Amino acid sequence: MDIFSLIMVAGGLAFFLYGMSIMSTGLERMAGGKLEKLLKSMTDNVFKSLLLGAGITIAIQSSSATTVMLVGLVNSGIMTIEQSVGIIMGSNVGTTLTAWLLSLVGLESSNMFLKLLKPENFSLIFALIGILLIMTSKKQKKKSIGSILIGFAILMYGMKLMSDAVAPLADMPEFAQVLTAFRNPLIGVLIGALVTGIIQSSAASVGILQALALTGTITYGMAIPIIMGQNIGTCVTSLISSIGVNKNAKKVSVVHISFNLIGTVVFMIIYSVCRGLLEVSLLESPINSFGIAVVHSIFNIGTTVILVPFNKLLVLIADFVIPGNGEDEESTIILDERLLATPSIAISEANSAAAEMARIAKSEIIRALDIMVKYDEDKAEEIVHLENRLDSYEDAVGSYMVKLNGTQLSEADSLESNKILYAIGDFERLGDHGVNIMYSIRKAYEANLEFTDDAKEEIAVLVDAVKEIVYLATQAYIGNNIKTAICVEPLEQVIDNIVFSMKSRHMVRLKEGKCSIDMGFILQDILLNCSRISDHCSNIAAAVIEIYERHSYDTHKYLNTVKSGDKIFDNLFEDYSEKYSIE
């Protein structure tokens, strides 16, 4: 083995890691927002979480990425440490699939069908199909499938390069002398952990071990401790990702490390008993790539089976290592940049933050409309507080979306991104108009000015109509409900008519001397802000309808279309006109 063989090993590892990255990205984009929905629906018990963790890791082909994702979700307060335990266990089970795929490199048979399973025979076909899909397809889904196929082909080619490069080691006596050190199980565990920690990929370190196993010089007794160490080494990624996060998020890495350390201790005891007392001959037998896949699966699945009944113990260990729950920390994270590594999760969490903006805006508007009936200084302060929260949310979500749009988004995620970007501005503006209404009412209150009885009756109708349109628009966004969104524009037209009519009636009262000029200015400000609130609600509803029904965003086109003889619009307009009549 010369310098060129070392270069080939390094190049093979580079191909392996690059192929894994491409394949993971393609798989994650195929999964889209489904990962987020699954995370929120399947974490109510440890067994569902376990299945979910295995499924996500199989989908994105990286247990490290799954754990980093969990650190981000717990840091954002979206998940609890208890919910993450089962997913961590499942991710260790899911990662065993990679070892089985890599074991195909060592497949030897004269059977034609079995020969087709060898990567060197089918990976190039995958690469050809993948590049054709990328070059000829217009749909993002097919392009993602192409990326997956190309990534898999590159990964397998890298594995083949490493196998060919290390093949001469079988005939080197110096290599045989080095291997004697691996007969010490503790050294095997340390080497496995060290190599995996350096390259931060248990799949790659298992691949290197499988490549070495093809030389016929690695025994079961050497491989088993190394595999245990590889599972400890993979915790380095989650440890690094926990830097700068809150206490709860740090506990995710503690749970991950505890899980693998306990599993290693248990299996090292079993291994030592078998080696010392039973003198199992299998331990001295050469292991192949299939054998490594089997051992890897037994360790991860066995550790999971042992620790599932004691999942709460892992949480207690994390609480002992890192006391406290992070609730007393100075700042609350709205969105965590660690989630940007998984765009579909990041886009969904940004949408959740935008939905929270919708709730805050609705709450603020309702309070502002309520003090129009009876002014309350405490409620006025609450309105200012809610407006400040909206501003901070818009800054955080807007900055996050800029970074997120710099990643590779699927077609569905791109549409979702557009909706979020358009909506957060409208939510923030809703808050501004709520504050404006509050200031107008405060001015009247401090000046001891009152509306006439007729104006009060008209304002009561307007308040009810504005409350309903705000409720419809925010619920349409939060629930992605097109049927609710369709109701917004007819009501917006009715509110415009109410505002126009109230202005006309005010002019009549002003001429008759029933209303003062000062109160007229306040009423004009209120009517203007109510009209603007309904306009922003219309924009929000249009975004929901256009993006999810017509797959584009053109508010003016939608509004012009819906007002041109649309029967649903006409019927709803008539119903709302009757419901909110000031005649």
Qualifying residues in segment 483-530 (those that are in a loop (DSSP other than H, G, I, E, B) and within 16 Å of K456 (Cα to Cα)) - the one most open to solvent (accessible area, probe 1.4 Å): K514
Selection count where residues are modelled with pLDDT under 80 and part of a helix (DSSP H, G or I), scope segment 107-143: 12
Positions within segment 408-449 being part of a loop (DSSP other than H, G, I, E, B), touching a residue at least 12 places away in the same chain (Cβ under 8 Å) and either open to solvent by 60 Å² or more (accessible area, probe 1.4 Å) or over 24 Å from E546 (Cα atoms) (or both), in sequence order: Q408, A447, L449
Residue pairs meeting the criteria (Cβ under 6 Å; at least 6 apart or on separate chains; first without any contact (Cβ under 8 Å) to a residue 60 or more places away in the chain, in segment 190-216; second open to solvent by less than 10 Å² (accessible area, probe 1.4 Å) and small (G, A, S)): G192/G229; A193/G229; A193/G233; V195/S205; T196/S205; T196/G233; G197/G233
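Results for (1) open to solvent by 20 Å² or more (accessible area, probe 1.4 Å); (2) in contact with a strand residue (DSSP E or B) (Cβ under 7 Å, 6 or more places away or on another chain); (3) closer than 18 Å to D319 by Cβ; (4) not in a helix (DSSP H, G or I), shown as yes or no for each residue.
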| site | (1), (2), (3), (4) |
| --- | --- |
| Q210 | no, no, no, no |
| I224 | yes, no, no, no |
| Q230 | no, no, no, no |
| S238 | no, no, yes, no |
| S253 | no, no, yes, no |
Number of the condition not met by S531 [criteria: (1) within 19 Å of R442 (Cβ to Cβ); (2) touching a helix residue (DSSP H, G or I) at 6+ places or on another chain (Cβ under 6 Å); (3) among the polar types (S, T, N, Q)]: (1)
Flag if L104 is modelled with pLDDT of 80 or more and either open to solvent by 70 Å² or more (accessible area, probe 1.4 Å) or outside any loop (DSSP other than H, G, I, E, B) (or both): no
Condition check for A412: within 16 Å of the chain's Cα centre (by Cα) and closer than 28 Å to I345 by Cβ: yes
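The values are calculated or read from the model by the stated rules, or taken from the named source; none is laboratory data. For clarity, every value in this text was computed on a predicted model and none was experimentally measured. All Cβ positions, glycine included, derive from the backbone under ideal geometry; neighbour counts span all protein chains shown. Just so you know, the surface numbers come from the protein's heavy atoms only, side chains and all, with ligands and any DNA or RNA stripped out. Shrake-Rupley method; radii C 1.70, N 1.55, O 1.52, S 1.80 Å.
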